[in-house]
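Here the structure comes first, spelled out in structure tokens, and everything after it is commentary.
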Amino acid sequence: MCTNLTSGGGVVQSPNFPGDYGNKDRYCNVRISTPEGWMIQLKFTTVNLETNIGYVEVYNDQIYMLPITGNTIPTAVATTTNSLDIDFQSTASNKSNSAIYNWQATFSVTGQGSSCSVSDSA
């Protein structure tokens, strides 16, 4: 999974974005962390997941968003805690070689100094 970080925010996206994330079993996790008392906002800009094959889930101590599949862009998520996890999972399918499935989200952090750290398990 790719993450690009700038002061105060960044981008999280599927592997090989803007190309297809591939046709194999895949699991990736990205954790965004900020100092205590800061907030994180996540907004999806692209959602094109193979329905019931590819999923993105956004959560922390509680689930913020049900798993996303298909191509409907969900509303933005704002946390009241200082961390947020984004999981991406897909399984192999019989999709066409010309099909392109991918997703992308931007995030911003608010607080003094507006900085955060991102860990990417991919």
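Observations, loosely collected:
- Of all residues in region 59-82, those that are within 18 Å of Val109 (Cα to Cα) have Cβ atoms under 9 Å from Cβ atoms of residues that are aromatic (Phe, Trp, Tyr) and open to solvent by less than 30 Å² (accessible area, probe 1.4 Å), 6 or more apart or on another chain, in Thr75/Phe44; Ala76/Phe44; Val77/Phe44.
- The set of residues in region 1-30 being surrounded by 14 or more Cβ atoms within 10 Å (Cβ to Cβ), at pLDDT 90 or above and part of a strand (DSSP E or B) consists of Val11, Val12, Gln13, Arg26, Cys28, Asn29, Val30.
- Tally, over region 75-84, of residues that are outside any strand (DSSP E or B) and either among the charged types (D, E, K, R) or open to solvent by 30 Å² or more (accessible area, probe 1.4 Å) (or both): 5
- Subset tally (residues that are in contact with a Pro (Cβ under 9 Å, 6 or more places away or on another chain) and open to solvent by less than 60 Å² (accessible area, probe 1.4 Å)) for region 85-108: 4
- Residue in region 64-73 that is assigned to a strand (DSSP E or B) and touching a Leu at 6+ places or on another chain (Cβ under 8 Å) present: yes
- With respect to the conditions (1) within 15 Å of the chain's Cα centre (by Cα); (2) at pLDDT below 90; (3) among the polar types (S, T, N, Q), Thr75 falls short on a single one, namely (2).
- If the condition is being within 14 Å of the chain's Cα centre (by Cα) and either surrounded by 18 or more Cβ atoms within 10 Å (Cβ to Cβ) or closer than 13 Å to Phe88 by Cα (or both), then region 47-63 contributes Val47, Asn48, Leu49, Gly54, Tyr55, Val56, Glu57, Val58, Tyr59.
- Filter result (in contact with a Cys (Cβ under 8 Å, 6 or more places away or on another chain) and either surrounded by fewer than 19 Cβ atoms within 10 Å (Cβ to Cβ) or charged (D, E, K, R) (or both)) within region 33-46: Ser33
The values are calculated or read from the model by the stated rules, or taken from the named source; none is laboratory data. Note that the structure is predicted; figures quoted are calculated from it, not measured. All Cβ positions, glycine included, derive from the backbone under ideal geometry; neighbour counts span all protein chains shown. Note: areas computed on protein heavy atoms with side chains; ligands, DNA, RNA excluded. Shrake-Rupley method; radii C 1.70, N 1.55, O 1.52, S 1.80 Å.
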